[in-house]
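Shown next, in structure tokens, is the structure this report addresses.
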Amino acid sequence: MSQREKKGTQESATNTAAINKKSRGFNDEERAAMQERAKELKAEARANKHRADGESDVLAKIAELPEPERAMATRLHAIITASAPVLSPRLWYGMPAYAKDGKVVCFFQSAQKFNTRYATLGFSDTANLDAGTMWATAFALKELTAAEEERIGALVKQAVS
């Protein structure tokens, strides 16, 4: 065996010994915790990106609405996002909606788009609004006063509770 071949074998054996040598760094639990945290950070980044994309879509759709629906939808967006930050804005049937865990909880419908007398704020069956054997799931909106804004905020909070 030549010197070169011998040297290659020695280096290989040295590298293998170094790999098999136990690290004095992190233990198995610490490595597992770091991997778990890395997964959490990636998931959080994806959720933030998805939320930001959804919010920009909703704001663009609101900007397209005619007045006075634009002002109403803008105010509703502010009320809903402040009352339930856990909700993610998104479009649903081309209208602003707010979802929790991927399921729409509440939504706005334009009177003009749906050719109705008034705009509506609706709640899906995932909203926690059950009260007895009958309760409202949609509300007609002609304008928003302080009293309506307060009631909407309370409904949204209840819906996600």
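Read-outs throughout are calculated quantities, based only on the coordinates presented, and are distinct from any laboratory measurement. On a predicted model such as this, the values are computed, not experimentally measured, just so you know. When we count neighbours, we look across all protein chains shown, and the Cβ atoms used for this are built from the backbone with ideal geometry, even at glycine.
Give the dimensionless ratio obtained when the Cα radius of gyration of the stretch 72-114 is divided by 2.2 N^0.38 Å.
1.10
What does the charge count near K61 come to, summing +1 for each Lys or Arg and -1 for each Asp or Glu among other residues with Cβ under 14 Å from its Cβ?
Cβ neighbours under 14 Å give a net charge of -2.
For every other residue with a beta carbon closer than 12 angstrom to the beta carbon of T126, add +1 if it is Lys or Arg and -1 if Asp or Glu, then tell me the sum.
-1
Got the relative contact order for the stretch 25-160 handy, in percent, Cα pairs under 8 Å and 6 or more residues apart?
19 percent
Can you order the peptides 91-102, 143-154 by their average number of other Cβ atoms within 10 Å per residue, highest first?
By packing density, highest mean first, the sequence is 91-102, 143-154.
In sequence order, what are the phi-derived ³J(HN,Hα) couplings for the stretch 120-125 according to the Karplus relation 6.51 cos²θ - 1.76 cosθ + 1.60 with θ = phi - 60°, rounded to whole Hz, with x for glycine and proline?
Couplings: 10, 10, x, 10, 7, 5 Hz.
Please list, by residue number, everything in the stretch 81-96 whose backbone N is under 19 Å from a paramagnetic label point 7 Å out along Cα→Cβ of S56.
Correct set: 88-92, 94-96.
Please work out the ratio of the alpha-carbon Rg of the stretch 25-160 to 2.2 N^0.38 Å and round it to two decimals.
1.29
Can you put S88, S161 in order, fewest other beta carbons within 10 Å first?
S161, S88
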